[in-house]
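> Below is a structure I'd like to ask you about.
The values are calculated or read from the model by the stated rules, or taken from the named source; none is laboratory data. This structure is a prediction, so every number in the text was calculated from the model and none was measured. Glycine gets a Cβ as well: all are built from the backbone with ideal geometry, and neighbour counts include every protein chain shown. Accessible surface areas use protein heavy atoms only, side chains included; no ligands, DNA or RNA. Shrake-Rupley method; radii C 1.70, N 1.55, O 1.52, S 1.80 Å.
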Amino acid sequence: ELMHAVRTGQAASALVFPDGGIWGYLQANQTEAAVFGQAMAEKSVAQIADILAAHDFSPYERVVDIGGGQGHLLRAIIARHPGVNGTLFDLPPVTEAAEAAGPNERLSFTGGDFFDTALPFGDAVVLMEVLHDWDDERCGEILQAVRRAGQEDMKLIVIEIEMTEGTGPDWPKLLDVVMLGLFAARQRTNREYETLLNANGFTVSAQMTT
């Protein structure tokens, strides 16, 4: 049903899975949800070394990972930096599974929906491959929720695969098609992320490409 998404701009997954799209399907099919969750965890593990090399998390007292899945990034951050605590925020079944996977006295877990639940406080907040799941309006709601939970000097760290602008085929363009079909969402260039962040009260202090 990809042509439906191309013609209408609406998610093909909503047509195929009318009870909640892809997320509704995964909630109703826990075996497939577990496979999906493991795939996301394995992908994040492959990215962690680059993330830790690109950004120094040691100055923060508490890092909050919004939509952080099984918490692999947070566990790596607090393992490297003994003075840092972490809070994982995701849907309740996800955080329950993450907590069951292994406790850590410097890692806490909060279940909820970032569109409906007040987000936990941290002096640094991570959004790793969250914004590309949503259109600009819904991204704005997420970013405003982050602002409400933070203080003026809070740091927001956005980790995304940047959309490229050349004419040749590459992975971000394929992912852009996938995001259209699944969520009526898209990949963005660094300039587009800067515009989105500025529109929601954030000042971009640095952009890095790894």
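> Which ones in the range 1-60 are under 21 Å from LEU127 (Cα atoms) and of a type in the set (Lys, Arg)?
Answer for the range 1-60, where residues must be under 21 Å from LEU127 (Cα atoms) and of a type in the set (Lys, Arg): just LYS43.
> Please go through the range 41-77 and give me each residue that is among the hydroxyl-bearing types (Ser, Thr, Tyr) and over 12 Å from the mean Cα position of the chain (by Cα), ordered by number.
SER58, TYR60
> Sticking with this one: Can you find, within the range 120-132, the residue that is modelled with the lowest pLDDT among those that are within 20 Å of LEU174 (Cβ to Cβ) and part of a loop (DSSP other than H, G, I, E, B)? Write out each step before concluding.
The initial filter retains those residues of the range 120-132 that are within 20 Å of LEU174 (Cβ to Cβ), namely 128-132.
Narrowing the set further to residues that are part of a loop (DSSP other than H, G, I, E, B) leaves 129-130.
Details: GLU129: 92, VAL130: 95.
This residue is GLU129.
> Sort out which residues of the range 185-205 are in contact (Cβ under 8 Å) with a residue 40 or more places away in the chain and of a type in the set (A, V, I, L, M), and write them in order of number.
Listed by number, the residues that qualify are ALA185, LEU196, LEU197, ALA199.
> Right, another one. Which of the residues belonging to the range 154-184 are under 23 Å from ILE22 (Cα atoms), open to solvent by less than 30 Å² (accessible area, probe 1.4 Å) and free of Cβ contacts under 8 Å to residues at least 60 places away in the same chain?
PRO172, LEU175, MET179
> Quick check on the range 54-78: of everything there that is in a loop (DSSP other than H, G, I, E, B) and over 20 Å from MET208 (Cα atoms), which residue is least open to solvent (accessible area, probe 1.4 Å)?
Residue satisfying both the conditions and the ranking: GLY71.
> Run down ALA199, ALA149, ALA124, ALA118 and say which single residue is of a type outside the set (D, E, K, R) and under 30 Å from ASP19 (Cα atoms).
The unique qualifying residue is ALA118.
> Quick check, is GLY168 small (Gly, Ala, Ser), in contact with a strand residue (DSSP E or B) (Cβ under 6 Å, 6 or more places away or on another chain) and at pLDDT below 95?
Spelling it out, it is not the case that GLY168 is small (Gly, Ala, Ser), in contact with a strand residue (DSSP E or B) (Cβ under 6 Å, 6 or more places away or on another chain) and at pLDDT below 95.
> Right, something else. Among what's in the range 121-137 and is over 15 Å from the mean Cα position of the chain (by Cα) and touching a residue at least 12 places away in the same chain (Cβ under 8 Å), pick the residue that is most open to solvent (accessible area, probe 1.4 Å).
That would be PHE121.
> Taking the range 10-53 as the region of interest, how many residues are farther than 15 Å from ASP133 by Cβ, open to solvent by less than 30 Å² (accessible area, probe 1.4 Å) and either touching an Asp or Glu at 6+ places or on another chain (Cβ under 6 Å) or not small (Gly, Ala, Ser) (or both)?
Going through the range 10-53 one residue at a time, the tally reaches 3.
> Then there's this: Of these, ARG62, ARG106, which one is basic (Lys, Arg), at pLDDT 90 or above and in contact with a helix residue (DSSP H, G or I) (Cβ under 7 Å, 6 or more places away or on another chain)?
Residue meeting the stated conditions: ARG106.
> Are there any pairs, at least 6 apart or on different chains, whose C-beta atoms fall under 8 Å, with the first in the range 50-65 and in contact (Cβ under 8 Å) with a residue 60 or more places away in the chain and the second open to solvent by 80 Å² or more (accessible area, probe 1.4 Å) and not in a loop (DSSP other than H, G, I, E, B), and if so, which?
Taking only residues 6 or more apart or on different chains, the pairs are PHE57/ARG80; TYR60/LYS155.
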